[in-house]
Structure formats: structure tokens, C-alpha cells
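The values are calculated or read from the model by the stated rules, or taken from the named source; none is laboratory data. All values derive from a computational prediction rather than experimental measurement. FYI the Cβ positions are ideal-geometry reconstructions off the backbone, even for glycines, and counts take in every protein chain you see.
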Amino acid sequence: MVVNGIFYAKKGAQFTHAQAQVYGSHLKKIEKKYNGILEPKVVVDDARKEESPTHNYFEWDDSICGEKHRLYQARHLMNSIEFKVVEMGDELVRAFFNIRPYEEDTPKQAYMSLSRIMSDDNYRRQVIFNALKEVKQWQKKYRIYKELKPIFEVIKGFEEEV
């Protein structure tokens with residue numbers, strides 16, 4: 001299958017569709033230069049050059065970037081912690097989930113423990129809705145594979161039920 005066309009910014013991306021076209025085209029050039037392999041380090045090294053089309057995408061001020069990296073590390077930390085749930089046969093599950101708090105004077109986006117989520121129907125529904133959204137994104141990503149059609153049917157049934 002030959003895949004050519006226009007690049008678009010994914011929903012939630014920090015750049016426009018026009019920038020996605022520039023970035024995507026440039027990344028394809030880098031990929032070609034490195035025999036079809038596109039490594040993050042190579043992309044960053046290329047972007048260090050001020051004339052690189054991707055240069056302005058990156059934050060080069062270490063005082064700003066350092067704090068952003070620590071925030072990334074905090075998110076990674078919260079996404080990386082699991083614990084055992086006895087009722088599920090000691091199965092490991094995520095301990096914290098990304099949610100949108102509805103209480104006043106709280107941030108727009110935060111993490112919350114599974115125990116708090118399970119005790120609040122609104123947060124529980126939010127996590128289930130987010131899970132369904134992730135499944136739909138996965139489905140969109142792999143929709144060209146007919147072998148996965150049975151899974152897509154189950155997803156459709158669950159979506160109708162919810």
C-alpha cells in the first residue's frame with residue numbers, strides 16, 4: 001500500500017494543520033536520509049539547526065524546558081504506578097488516572113487515585129468515557145486491518161450500550 005498525501009495536526013496537537021504539513025514533509029526527508037528509520041534523537045539534532053523547519057517546534061530555553069521536562073516526568077510517574085486489586089485476583093492496575101476535576105478552584109486537568117474515582121460516579125463515568133475514546137482512537141488507527149473486524153464489532157456494541 002502506497003501512502004502519500006497531506007499531513008494534518010492530530011486533535012490536541014500544539015500546532016496547526018499547515019505546520020503539520022511542513023513538519024511531516026521534513027520528517028519524511030529525515031526518514032529517507034536515515035534509511036526509513038526516524039529516531040527522536042535524530043529529529044532533535046536536526047531541529048537544533050535554526051534553519052530546520054522543525055526548529056521552532058522545540059523549546060530551546062533550558063530554564064523553561066527544564067520545568068516542562070519535570071512536568072512530563074511527573075505525568076510519567078503518575079502514569080507508571082500500579083497496584084494490586086485483591087478482588088481481581090491480585091491483578092495489577094493503574095493507580096492514578098488523568099481526569100478533569102469538576103470541583104471549584106481546581107486545575108482543568110489533573111490526576112486522581114483509582115480509589116477516589118471508584119467512589120464517585122461522575123469520575124467513574126469520565127474514566128469509562130475516556131477509555132472508550134482511547135479504544136475508538138485505537139480502532140481508527142488500525143481500521144485498515146480486516147483481521148481486526150471482530151474486535152471492532154465488539155467495540156461498536158459496547159459503544160451503543162454505554
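A few remarks follow.
- Selected residue (criterion: farthest from His55 (Cα to Cα)) from residues of the stretch 6-43 that are among the polar types (S, T, N, Q) and not in a helix (DSSP H, G or I): Asn35
- Qualifying residue in the stretch 32-50 (condition: at negative phi, surrounded by 12 or more Cβ atoms within 10 Å (Cβ to Cβ) and in contact with a strand residue (DSSP E or B) (Cβ under 7 Å, 6 or more places away or on another chain)): no
- Qualifying residue in the stretch 68-83 (condition: of a type in the set (A, V, I, L, M, F, W, C) and touching a His at 6+ places or on another chain (Cβ under 8 Å)): no
- Boolean, Glu147 is of a type outside the set (Ser, Thr, Tyr), at pLDDT below 95 and in a helix (DSSP H, G or I): no
- Residues considered: Lys140, Lys108, Lys156, Lys136. Of these, the only one that is loosely packed, with under 11 Cβ neighbours inside 10 Å and modelled with pLDDT of 85 or more is Lys140.
- Residue among Lys141, Lys84 that is outside any helix (DSSP H, G or I) and either hydrophobic (A, V, I, L, M, F, W, C) or free of Cβ contacts under 8 Å to residues at least 12 places away in the same chain (or both): Lys84
- Checking each residue of the stretch 55-67 against the condition of being in contact (Cβ under 8 Å) with a residue 24 or more places away in the chain and either assigned to a helix (DSSP H, G or I) or outside the structural domain of Gly24 (by TED's automatic domain parsing) (or both) gives at least one match.
This table checks each residue for (1) surrounded by 14 or more Cβ atoms within 10 Å (Cβ to Cβ); (2) at pLDDT 85 or above; (3) hydroxyl-bearing (Ser, Thr, Tyr); (4) within 16 Å of the chain's Cα centre (by Cα).
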| site | (1), (2), (3), (4) |
| --- | --- |
| Gln73 | no, no, no, yes |
| His76 | no, no, no, yes |
| Val93 | no, no, no, no |
| Gln126 | yes, yes, no, no |
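- Unmet criterion (only one of (1) assigned by TED's automatic domain parsing to the domain that holds Val162; (2) within 15 Å of the chain's Cα centre (by Cα)) for Lys146: (2)
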